[in-house]
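Okay, so here's the structure we're looking at.
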Amino acid sequence: MSEPQRTQPALVVLGLALVVYAAFSQFKLPVVLPVLLDTYSYGRVLAGGFMSIFAVFGILLSVPIGRLVARRGALRLVMAALPVMGLGTAVCLLAPESGTVMLIGRGLEGAAFATLAVAGPALATANAAPQHRALVIGLIAAWVPSGQLLATLIGPLALNTTGWQGLWWVCLLLAAALVGWTFIMLRSGPRGTTRRADTGAAPAPAWTRAQWLSLLLVGCTFMLWTGQYLAYMTWLPAYLVEVQGLAVDSALYGYLVPVVLVGVFNVTTGILMQRGRKPQHLLFGAVVIQAGIWWLLPVTGSGWSGLASLVVYGVTSGIAPTCLFALSAHLVANPNETARAFGVAMTGRNLGVLGGPLLLALAVELSGGWLAGSLLFAGVTTLAVVVSALLLFIVPRVEAHMLRPALSAAG
């Protein structure tokens, strides 16, 4: 598939809407988790599993989905994923008092999430012209905080009217709306990702060893970074209620601070990259600062120091995923390969989703406090610093290798 010369706004916006919806479906749980724990007396590890189950299917499906998107097009897979998402949401509503039923429902949502998390970014980036791609990547990277923000804004309204189930009903309605939108684009728009390559087109060249190594490092960094981010964002409302003594509504306002800043700095980072900033440099700086925040967490506590910690964490959490998505697209030769590259990156992300919430839950449950969890994830984030430092050396090698054919042709 050749580079699009003009951005296709309708397809870019649909791709963005799909990933925001996917994030909303996952992060509707932390918003009401304190209420669920109080109402149904779930164990902490089981409650962490309601988030981590998304990763099980992501680990299994991300790479195969990337290949399917490249061959069959994003829209067809989206049309299959959205009904599965709706089914999982409905299962959760059937018997929420049963942890097993809730886990099955969240698992179905997780399978659909894995598809949308690869198909949405591939759809958006493949339909963005080169001059707009960095900005589109910044918008894609804002999918998680955008979904979190949507859930956090609807959450208090649902809790004060229909109860926590209101968030699940909104999820069902949004799934139906997106099915209709995708069907319209499938009928009236181009196919592929969304354009199918010509049948006579040459197959994409195999990735070099340096490309594979760099993408694996991106996936590894994504795993470590996502593990600490999901642990933080899953348990922050419960921490604010249990340790800081806030009411649920007040805890959600505290939860909004990093969520909003993540979204703002996702887009800001996209703009910075469009102006020439190197993603590997921005990534390294952000992860170094986040490691420091985890190490200082036992000291910062509440008050102004706690608020400052939330602010800095939100800013750096906006920078890191934008850079990781940008590197995934940057390290391959053409847009038709981005789905495969996103598949590798999303496998790493899903490993982090699997481990992060569960590890923090186990650390708190076994130690009887939150200190052990903060030290554990300080170590995890420090390891992410080491891995991201390797990207500073290998990314320029990949860039030089991809530039060589163009220089030879020009010569």
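Note that the stretch 290-390 shows a convex hull volume over its alpha carbon atoms of 96 Å³ per residue. Taking every protein chain into account, the accessible area of the chain amounts to 39 square angstrom per residue (probe 1.4 Å). On the accessible surface of the chain, probed at 1.4 Å, how many percent belong to carbon and sulfur atoms? For the chain, the apolar C and S fraction of the accessible surface comes to 69 percent. Sequence-distant contacts, meaning Cα pairs under 8 Å at least 6 residues apart, place the relative contact order of the stretch 1-157 at 45 percent.
Hey, quick one: spin label on residue 371, modelled 7 Å out along Cα-Cβ, who in the stretch 239-253 has an amide N within reach, i.e. under 19 Å? Residues passing the 19 Å test: 239-240, 242-245. Using C-alpha pairs under 8 Å with a sequence gap of at least 6, the mean separation divided by the residue count of the chain gives a relative contact order of 28 percent. Helices meeting the span-like rule in the chain (full DSSP H runs, Cα extent of at least 27 Å along the helix axis, mean Kyte-Doolittle score of 0.0 or higher): 9-40, 44-72, 74-94, 99-126, 165-188, 209-242, 248-274, 279-300, 303-330, 338-367, 371-410. A straight line joining the Cα centroids of the stretch 311-332 and the stretch 340-370 runs 18 Å.
Placing 97, 399, 109, 242 in order of accessible area, with the largest value first and a 1.4 Å probe, yields 97, 242, 399, 109.
For the stretch 55-107 and the stretch 251-273, what is the separation of their C-alpha centers, rounded to whole Å? That distance is 27 Å. Taking the Cα atoms of the chain, the ratio Rg/Rh between the radius of gyration and the Kirkwood radius comes to 0.97.
Legend: residues 344, 299, sorted from most to least accessible area (1.4 Å probe; ligands, DNA and RNA excluded), read 299, 344. Mean projection of the Cα convex hull over all viewing directions, computed for the stretch 42-90: 4.0 nm². Our note on the geometry: Cα centres of the stretch 133-183 and the stretch 20-39, 11 Å apart.
The values are calculated or read from the model by the stated rules, or taken from the named source; none is laboratory data. Since we're looking at a predicted model, the values are computed, not measured. Every residue, glycine among them, receives a Cβ derived from its backbone with ideal geometry; neighbour counts consider all protein chains shown. SASA here: full protein model, heavy atoms, side chains in, ligands and nucleic acids out. Shrake-Rupley method; radii C 1.70, N 1.55, O 1.52, S 1.80 Å.
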